[in-house]
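Taking it in order: structure first as structure tokens, then the write-up.
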Amino acid sequence: MNRIRAALHRVPLSLAVLLAVAAVLSLSWSLATAPLQGPDETEHVAYVAHLAETGSIPSSTTGNQIYGLDEAGALDGLGYGRLLQNRTARPPWSPVDEQNFRNFEAQLPAGAPGAGDGPNSVAKNPPLYYAYQAIGWTLTPGGRFFGRLFVMRLLSGLLLLATVVFTWLLAGEISRRRLPQTVAAGVVALLPMAGFMSGIVNTDIGLTAIWACFLWLAVRTARLGLSWQRSALLALLTVASVLTHGRGLAIVPLLPLALVVAWARRRPSGRTTLLSAGVAAGVALVGLLAYKVVTAGAGGGLYGGEVNLGNSSAFSVRQFLSSIWQFYLPRLDSMQPHLGPAIGYRQVFIQQFLGGVFGSYEVYLPYWAYDLIQVAAMLLLVLLYTVLVVRFAAVRRRWPALVILAAAVVCLLGFLHLASYRALVNGSGDPLITGRYLLPLIPIVGTGAAAAFAGLPRRMEPIAAGVLLGGMSFLSLAGIAVTLERFYA
Amino acid sequence: MRRAAIAGVVSALGVFLLLFLFKGLPYLQDGREAIDATPTVLPSADLAPVTVRPGQQACVSGITYGPQSRYVLVEVRSGGHPSPPIVVRASAPGYAATALHPGGIADNGLLIVPIRPASHAVGGGTLCLRNAGRVAIDFFGVPPGRSSSPSVTTVAGKPVTADLGVTLLASPNASIGSRLGDVFDHVAAFRPVTGWEVWILALLVVLGVPGGIAFALWRSTGAAPRE
């Protein structure tokens, strides 16, 4: 107990305050967003319920019903189903409705909450996040549906707090000063989309926390040198990412890269090198076997359509590169029009990621906010580029961190673009790319902002940090307000 | 360093305050419909008109009336001419209210009729709209599917497949700022929190978040680099 108390005393006060801020925002988001109204939240909750109640994963292709009977009652009877994406609808809030639902739950047969055996569209996801949430489902006092949902959302909030901590630590690996750490972790705590996703039940926030931990540990390993313990942890985090979601596969190339960078930085002995590589490979192999064992019989192929690699014969390198170009830049005359709906950098990066789109994509910030965010993002990018050029000598000394973080960006964006292109070229109308898929990169966004400000004259740095974090505080408040208005006003 | 820390705090609080004053306050003061309940929904995409001929009435069952249910809102299609007069009758065990709308609503317009609210929440109610004019009228409804509700819509006593879209309003024009108490009470429903606890959380968001950020900037700007 004394050791825990001593450890808590060592937590920097700035970090403790940022964690309190993130906790307040996450809880606010979880209350502002009506039950079951996050993206695919109905299916994620059904997955957790079935796993918690039966110990097995629902099927993505077969089954008798998607939802447990309590969730189905909430969706159809109480109206949470017709609330989805219909801005004119409101959830029930009358005491009569509450009492009616309690009576409905009381007469459900045993095993009713776990009756949702499929077909569940998210059942192709591996089970790690759902197993985590199943703890909350099982331990919720009273065992009522809405109580369980409340607790599960709180557990998602804990993952945001973990992401804030790992971002703080990551920034601490790159700078010895507190202010960059505060900026980096503050960006994560205040990003409206991160807060929103931490207030619902969705795997993306789990993936985000895992990536944040991986990135910190990879940069730390590069600084301190290879050891079999750090290699094992990095491999374990890689497995955790892969066991959380199909998009978690994008972390796989980062594992060998992180180990190679760490090796190149310190050049450890041959024995240490072999031991580290062997342990990492062993852990990764055990993780792969665990995935195969756990998901056997769940139905559907590897990750189903989420990692849509489809028919390989339809792949065209030229068309793929053109689709990436047109995602970020205007189409050149020599290019064919891109596949799928007209979405690009503005929609995905600015609106859906840095700004945020809430509910099930029907709740928006005012458009002036997205314009402001776009201008701020461009200014930050220009500033970051300038700092990288002007302070090249200092940047070069930190090359391992730069390589790892840049590779993470390339791996995730490359993976998303590839999956999106393959989905579209194989006839899907869904481009499979949206802002929340970028959340694993928020520690890098925060660290990037901190690095950009750190390159400013010392007197300017806190002012720039204040403007950014003050503005983001308001954006978070605005996001919560428009969400409250959509559901409860 | 102390001056730099002050500059950071002032810039964080200043930006937050400026945005709150110029964007947040007007948002809180803007008037809009204050929704009390949506027993059935208005269509967001597919429209299924519910046609009511002169003298007929359309009824929707399964409605809960509460003390804030002060107006009935439906959307009408009158086929190019002004809508006929409509008699609205709200009823539930121990509660009844009747109101008349004189008609004259343009095509695709909103019919908003004040009704006497119930003294307390009462479920199992019915809402009927009687066409008291000489031309038929279409009310907006939703087809069977994800948007439909357990309520049953009848026209002239016979069930129809579409749900007539009914919204109960607390007010046709009220600012969010003036209704925060109601909003927070709504948030607390179906959750293990009370409206007062939501109030406390809201204060923490408005005051604690920018204050916390300013404090974190203050502490970290003045802190010595780690070894």
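The values are calculated or read from the model by the stated rules, or taken from the named source; none is laboratory data. Keep in mind it's a predicted model, so treat the numbers as computed, not measured. Using ideal geometry, Cβ is built from the backbone for each residue, glycine included, and neighbour counts are taken over all protein chains shown. Keep in mind that these areas ignore ligands, DNA and RNA; they rest on the heavy atoms of the full protein, side chains included. Shrake-Rupley method; radii C 1.70, N 1.55, O 1.52, S 1.80 Å.
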Highest-MSF residue in chain B out of B:Phe184, B:Phe215, B:Phe140 [GNM, Cα springs under 10 Å] = B:Phe215
Could you pull the accessible area for A:Phe104 with a 1.4 Å probe, rounded to 10 Å²?
-> 60
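Given Cα pairs under 8 Å that are at least 6 residues apart, what percent is the relative contact order of segment B:47-173? Intermediate values should be presented prior to the final figure.
Details: 360 pairs, mean separation 53.0, N = 127.
Relative contact order comes out at 42 percent.
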Give the interface area between chains B and A as buried accessible surface, both sides summed, probe 1.4 Å, in Å² to the nearest 100.
-> 5300
With all protein chains present, chain A has a carbon and sulfur share of its accessible area (1.4 Å probe) in percent of 66
The helix A:270-295 Cα axis meets the longest alpha-carbon principal axis of chain A at an angle in degrees, between 0 and 90 and rounded to 10, of 20
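Please identify the helices of chain B, taking whole runs of DSSP H, that span at least 15 Å along their own axis as judged from the Cα atoms and have a mean Kyte-Doolittle score of 0.5 or higher. Spell out each step's value before the answer.
Working: long enough: B:2-19 (26 Å, 1.76); B:209-222 (20 Å, 0.66).
Span-like helices, by this rule, are B:2-19, B:209-222.
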Return the long-range amide H neighbours of B:Ala48 (sequence gap of 5 or more, or a different chain), with a cut-off of under 5 Å between placed amide H atoms.
-> B:Gly141, B:Val142
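For A:Met197, what is the net charge nearby, where nearby means another residue's Cβ is under 12 Å from its Cβ and Lys, Arg count +1, Asp, Glu -1?
Working: positive: A:Arg153, A:Arg436; negative: A:Asp40, A:Glu41, A:Asp204.
Computed value for this residue: -1.
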Please calculate the 1.4 Å probe accessible area of A:Tyr132, with all protein chains present, and give it to the nearest 10 Å².
-> 60
How would A:Ser241, A:Ser175 rank on accessible area, largest to smallest, probe 1.4 Å?
-> A:Ser175, A:Ser241
Rounded to the nearest 10, the angle in degrees between the Cα long axis of helix A:399-425 and the longest principal axis of the Cα atoms of chain A comes to 40
Scanning the protein assembly as shown, every Cys lacking a C-beta partner under 4.7 angstrom -> A:Cys213, A:Cys411
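Considering every residue in A:275-283, what mean count of other chain Cβ atoms within 10 Å of its Cβ is obtained?
On the way: counts 0, 0, 0, 0, 0, 0, 0, 0, 0.
Mean number of neighbouring Cβ atoms from other chains: 0.
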Per-residue ellipticity at 222 nm attributable to helices in chain B (runs of n ≥ 4 DSSP H, -39500 (n - 2.57) apiece, nearest 500 deg cm²/dmol) works out to -7500 deg cm²/dmol
Express in whole angstrom the spacing between the alpha-carbon centres of segment B:123-145 and segment A:105-174.
-> 42
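With runs of 4+ DSSP H residues as the only contributors, calculate the mean residue ellipticity of chain A at 222 nm using -39,500 (n - 2.57) per run, divided by the residue total and rounded to the nearest 500. Before the final figure, lay out each step's value.
Numbers: 20 runs with 311 residues, N = 489.
Helices in chain A give a 222 nm mean residue ellipticity of -21000 deg cm²/dmol.
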Give, to the nearest whole percent, the P(r) tail of segment A:377-481 beyond 20 angstrom, counting all Cα pairs.
-> 54
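Provide the net charge surrounding A:Ala115, with neighbours chosen by a C-beta distance below 10 Å and charges set as Lys +1, Arg +1, Asp -1, Glu -1. The partial results should precede the final answer.
On the way: positive: none; negative: A:Glu53, A:Asp70, A:Glu71, A:Asp117.
My count for the surroundings of A:Ala115 gives -4.
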Under a 1.4 angstrom probe, counting protein chains only, how are A:Leu207, A:Leu78 ranked by accessible area, largest first?
-> A:Leu78, A:Leu207
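If I take every Cα pair under 8 Å that is 6 or more residues apart in chain A, average their sequence separation and divide by the length, what percent do I get for the relative contact order? Working shown, then result.
Working: 771 pairs, mean separation 106.9, N = 489.
Once normalised by length, the contact order is 22 percent.
Per residue and in Å³, how big is the convex hull formed by the alpha-carbon atoms of chain A? Before the final figure, lay out each step's value.
On the way: hull volume 83.3 nm³, N = 489.
Dividing the Cα hull volume of chain A by its residue count gives 170 Å³.
What is the average number of partner chain Cβ atoms found within 10 Å of a Cβ in B:23-31?
Details: counts 5, 4, 0, 0, 5, 1, 0, 1, 0.
Mean shielding by partner chains, rounded to a whole number: 2.
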Chain A: angle of helix A:203-224 to the longest principal axis, Cα-based, in degrees nearest 10 = 20
Under the definition of Cα pairs under 8 Å and six or more residues apart, what whole-number percent is the relative contact order of chain B?
-> 32
Rounded accessible area per residue of the protein assembly as shown, 1.4 Å, Å² = 41
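Compare B:Asp185, B:Asp46 by solvent-accessible area with a 1.4 Å probe and give them largest first, with all protein chains kept in place. Intermediate results must be reported in sequence, preceding the final value.
Numbers: B:Asp185 90, B:Asp46 110 Å².
Putting B:Asp185, B:Asp46 in descending order of accessible area: B:Asp46, B:Asp185.
If R₀ is 35 angstrom, what is the calculated FRET efficiency for the pair B:Ser178 and A:Ala110, using the beta carbon separation as r and rounding to 0.05? Provide the component values of the computation, followed by the final result.
Working: r = 47 Å, r/R0 = 1.35.
After rounding, the FRET efficiency stands at 0.15.
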Ignoring everything but the protein chains, give the 1.4 Å probe accessible area of B:Lys23 in square angstrom, nearest 10.
-> 90
13 Å beta-carbon shell around A:Glu53, net charge (K/R +1, D/E -1) | -2
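About its Cα centre, how strong a charge dipole does segment B:1-145 have in debye, to the nearest 20, once Lys and Arg get +1 and Asp and Glu get -1 at the Cβ?
Numbers: 11 positive and 7 negative charges, 76 e Å.
Using only the charged Cβ atoms, the result is roughly 360 debye.
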Report, please, the projected area of segment B:47-173 averaged over directions, based on the convex hull of its C-alpha atoms, in nm².
-> 7.2
Calculate the all-directions average of the projected area of chain B's alpha-carbon convex hull, and give it in nm².
-> 17.7
Work out from phi, with θ = phi - 60° and the Karplus expression 6.51 cos²θ - 1.76 cosθ + 1.60, the ³J(HN,Hα) of each residue of segment A:19-26, listed in order in whole Hz, and give x for Gly and Pro.
-> 5, 5, 4, 4, 5, 4, 5, 4
